[in-house]
1. Does residue 98 satisfy the condition of being under 18 Å from residue 74 (Cβ atoms), over 11 Å from the mean Cα position of the chain (by Cα), crowded, with 22+ Cβ neighbours inside 10 Å and modelled with pLDDT of 95 or more?
2. Take the range 73-82 and flag every residue that is touching a strand residue (DSSP E or B) at 6+ places or on another chain (Cβ under 9 Å) and either farther than 20 Å from residue 35 by Cα or assigned to a helix (DSSP H, G or I) (or both).
3. Quick check, is residue 128 closer than 18 Å to residue 144 by Cβ and touching a helix residue (DSSP H, G or I) at 6+ places or on another chain (Cβ under 7 Å)?
4. Can you name every residue in the range 25-40 that is more than 17 Å from the chain's Cα centre (by Cα) and surrounded by 14 or more Cβ atoms within 10 Å (Cβ to Cβ)?
5. Select from the range 57-72 the residues that are modelled with pLDDT of 95 or more and either in a loop (DSSP other than H, G, I, E, B) or within 16 Å of residue 3 (Cα to Cα) (or both) and list them in ascending order.
6. Determine whether residue 29 is without any contact (Cβ under 8 Å) to a residue 24 or more places away in the chain, in contact with a helix residue (DSSP H, G or I) (Cβ under 9 Å, 6 or more places away or on another chain), farther than 15 Å from residue 85 by Cβ and outside any strand (DSSP E or B).
7. Residues of the range 41-51 being touching a strand residue (DSSP E or B) at 6+ places or on another chain (Cβ under 9 Å) and part of a loop (DSSP other than H, G, I, E, B), which ones?
8. Within the range 121-136, does at least one residue satisfy the condition of being surrounded by fewer than 18 Cβ atoms within 10 Å (Cβ to Cβ), over 13 Å from the mean Cα position of the chain (by Cα) and within 16 Å of residue 97 (Cβ to Cβ)?
């Protein structure tokens with residue numbers, strides 16, 4: 001797996017101060033994607049244990065609220081990300097947000113994608129749609145995208161959004 005960047009401090013992709021990383025590779029090709037260079041699966045650096053350990057070290061900092069995984073498309077890097085997130089989960093209980101162009105329903109229909117999402121706490125789902133772009137939205141680019149509480153959705157067997165972020 002390759003990644004485009006790691007941010008020690010990120011305040012744009014989830015609540016509080018978060019650490020984030022951006023995987024590369026995405027076949028969705030959403031028009032007007034804000035990370036177009038990250039669509040290329042050969043872009044960026046190869047992820048190693050060094051990067052995993054760096055993320056774990058960042059998450060130990062008191063000022064960091066959690067981790068956010070973006071792309072590219074994380075769910076087109078599923079096998080590698082499962083291993084990485086499992087290692088992070090062994091060392092940190094801080095929240096993990098993950099972004100995807102796939103819907104919650106599409107993710108849960110695929111056993112590998114489901115395994116990855118269930119290692120996370122929040123899913124921001126849905127393709128970016130430029131006609132639905134709204135700069136006033138919190139933590140998402142277009143109004144079709146949902147901010148989903150993964151645990152509550154599993155418990156209730158239906159999508160439960162986090163309302164405080166949906167306005």
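The values are calculated or read from the model by the stated rules, or taken from the named source; none is laboratory data. Source: prediction; values computed, not measured. Virtual Cβ from ideal backbone geometry, glycine too; neighbours counted across all protein chains shown.
1. Values: under 18 Å from residue 74 (Cβ atoms): yes; over 11 Å from the mean Cα position of the chain (by Cα): no; crowded, with 22+ Cβ neighbours inside 10 Å: yes; modelled with pLDDT of 95 or more: yes.
No; evaluated as a whole, the condition is false for this residue.
2. 74, 75, 76, 80, 81
3. Details: closer than 18 Å to residue 144 by Cβ: yes; touching a helix residue (DSSP H, G or I) at 6+ places or on another chain (Cβ under 7 Å): no.
So residue 128 fails the test.
4. Answer for the range 25-40, where residues must be more than 17 Å from the chain's Cα centre (by Cα) and surrounded by 14 or more Cβ atoms within 10 Å (Cβ to Cβ): just 40.
5. So the first thing to find is which residues in the range 57-72 are modelled with pLDDT of 95 or more, and the list is 57-70.
60, 61, 62, 63, 64, 65, 67, 68, 69, 70 - these are the residues of the range 57-72 that are modelled with pLDDT of 95 or more and either in a loop (DSSP other than H, G, I, E, B) or within 16 Å of residue 3 (Cα to Cα) (or both).
6. Numbers: without any contact (Cβ under 8 Å) to a residue 24 or more places away in the chain: yes; in contact with a helix residue (DSSP H, G or I) (Cβ under 9 Å, 6 or more places away or on another chain): yes; farther than 15 Å from residue 85 by Cβ: yes; outside any strand (DSSP E or B): yes.
Yes; evaluated as a whole, the condition is true for this residue.
7. Step one: filter the range 41-51 for residues touching a strand residue (DSSP E or B) at 6+ places or on another chain (Cβ under 9 Å), giving 41-47, 51.
Correct list: 41, 42, 43, 44, 47.
8. Within the range 121-136 (the criterion being surrounded by fewer than 18 Cβ atoms within 10 Å (Cβ to Cβ), over 13 Å from the mean Cα position of the chain (by Cα) and within 16 Å of residue 97 (Cβ to Cβ)), the answer is no, since none of the residues qualifies.
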